[in-house]
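Asks: Have a look at this one before I ask anything.
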Protein chains: 2
Amino acid sequence: MAADPLSRVFSALADPTRRDIVARLAVGDATVNELAAPYDVTVQAVSKHLKVLEDAGLVSRSREAQRRPVHLEANVFDLMTKWIERYRRQAEERYRRLDDVLRAMPDDPSPTSPPEGNKS
Amino acid sequence: MAADPLSRVFSALADPTRRDIVARLAVGDATVNELAAPYDVTVQAVSKHLKVLEDAGLVSRSREAQRRPVHLEANVFDLMTKWIERYRRQAEERYRRLDDVLRAMPDDPSPTSPPEGNKS
DNA sequence: CTCATGTTCAACCGAAAGGTTGAGCAACGA
DNA sequence: TCGTTGCTCAACCTTTCGGTTGAACATGAG
């Protein structure tokens, strides 16, 4: 299993079936059998998916008689959102700055990237 | 390769090395060799990572002499953010509603989930 | 032309992922 | 008690993943 939490979360959501399960759980808690019903895979496979989601902290399971209701833990999403937003903002800021630079110097034969050979 | 874009993006970011590369590219464009330097893996391995990031739409490569500067495409992040926000909101809304329900009925022997046997 | 540099392609390898079947365990129902 | 239901564990199989090495390709420098 992946060591760091972020890898676990991203990796858990990299599978379309698991994303589907998350989407389903956003509506309300459900048992393993209920979750497995829509798919043409075995219950065991879905149980494995749930283990992955649980290890990622995206889901929790309680005990209710012999059933194991699965519950979505939405707060783990913040981990991803924070990571994403950080680099998105950084990239946008960089873009804005580059734009300023380009506006400031309309033409510049920079030493690092000579655009065309003008040796006529 | 994964068919749907969302799976590709999540799966691309599930690897810590690739997230690291993204973080590095947020500061500014870089060549493959520059990106490979900090890691103790071969340049080929990093090149593969970049291919994964490119297929996910997170990165683009231009041509500049024999170098291939890698550029971060931040707009793909929106895809993830939208997906995440949707289910986060949904789960929070559900939580709020459940809270209301619990507040409205302090004890209810519901037919679908009898919480406790209070037949004294 | 020849060579060095930067990058990718191809083939291979071990480990992990996602699936299966079959057995086992826990808790209710008769 | 015995069977049924709900779920998980264990073993196995196939595909994918991340890594390697070695060769190839593309381009600029002498």
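Here, each number is a calculation from the coordinates, and none is a lab measurement. Values in this document were obtained by computation on a predicted structure and should not be read as measured data. Methodologically, a virtual Cβ is constructed for each residue, glycine included, from the backbone with ideal geometry; neighbour enumeration extends over all protein chains shown.
Asks: Would it be correct to say that residue B:39 is in contact with a helix residue (DSSP H, G or I) (Cβ under 6 Å, 6 or more places away or on another chain), at negative phi and without any contact (Cβ under 8 Å) to a residue 40 or more places away in the chain?
Replies: Answer is no for this residue.
Asks: Moving to a separate point now. Checking the conditions here, which among B:30, B:37 is exposed (fewer than 14 other Cβ atoms within 10 Å of the Cβ), over 17 Å from the mean Cα position of the chain (by Cα) and closer than 22 Å to residue B:62 by Cα?
Replies: B:37
Asks: Now for a different question. Suppose we filter the range B:55-102 for residues that are more than 20 Å from residue A:60 (Cβ to Cβ) and exposed (fewer than 11 other Cβ atoms within 10 Å of the Cβ); how many remain?
Replies: Adding up the residues that qualify gives 6.
Asks: I want to confirm something. Restricting to the range B:29-59 and keeping residues that are closer than 20 Å to residue B:11 by Cα and within 12 Å of chain A (Cβ to nearest Cβ), which single residue is nearest to DNA strand D (Cβ to nearest atom)?
Replies: B:52
Asks: For the range B:67-83, does any single residue satisfy the condition of being more than 9 Å from every other protein chain (Cβ to nearest Cβ), free of Cβ contacts under 8 Å to residues at least 60 places away in the same chain, closer than 25 Å to residue A:1 by Cα and not β-branched (Val, Ile, Thr)?
Replies: No; the residues of the range B:67-83 include none that is more than 9 Å from every other protein chain (Cβ to nearest Cβ), free of Cβ contacts under 8 Å to residues at least 60 places away in the same chain, closer than 25 Å to residue A:1 by Cα and not β-branched (Val, Ile, Thr).
Asks: Here is a check on your reading of the model: is residue A:46 hydrophobic (A, V, I, L, M, F, W, C), touching a Leu at 6+ places or on another chain (Cβ under 6 Å) and surrounded by 17 or more Cβ atoms within 10 Å (Cβ to Cβ)?
Replies: Against the criterion (hydrophobic (A, V, I, L, M, F, W, C), touching a Leu at 6+ places or on another chain (Cβ under 6 Å) and surrounded by 17 or more Cβ atoms within 10 Å (Cβ to Cβ)), residue A:46 qualifies.
Asks: Let me ask something else. Name the residue that is farthest from DNA strand C (Cβ to nearest atom), counting only residues in the range A:21-66 that are assigned to a loop (DSSP other than H, G, I, E, B) and within 23 Å of residue A:4 (Cα to Cα).
Replies: So, considering only residues that are assigned to a loop (DSSP other than H, G, I, E, B) and within 23 Å of residue A:4 (Cα to Cα), the one farthest from DNA strand C (Cβ to nearest atom) is A:57.
Asks: Moving to a separate point now. With the requirement that a residue be out of contact with any His (no Cβ under 9 Å at 6 or more places or on another chain) and not in a helix (DSSP H, G or I), what does the range A:1-20 give you?
Replies: Those that are out of contact with any His (no Cβ under 9 Å at 6 or more places or on another chain) and not in a helix (DSSP H, G or I): A:1, A:2, A:3, A:4, A:14.
Asks: Looking at residue B:5, is it surrounded by fewer than 15 Cβ atoms within 10 Å (Cβ to Cβ) and more than 10 Å from DNA strand D (Cβ to nearest atom)?
Replies: In short, yes.
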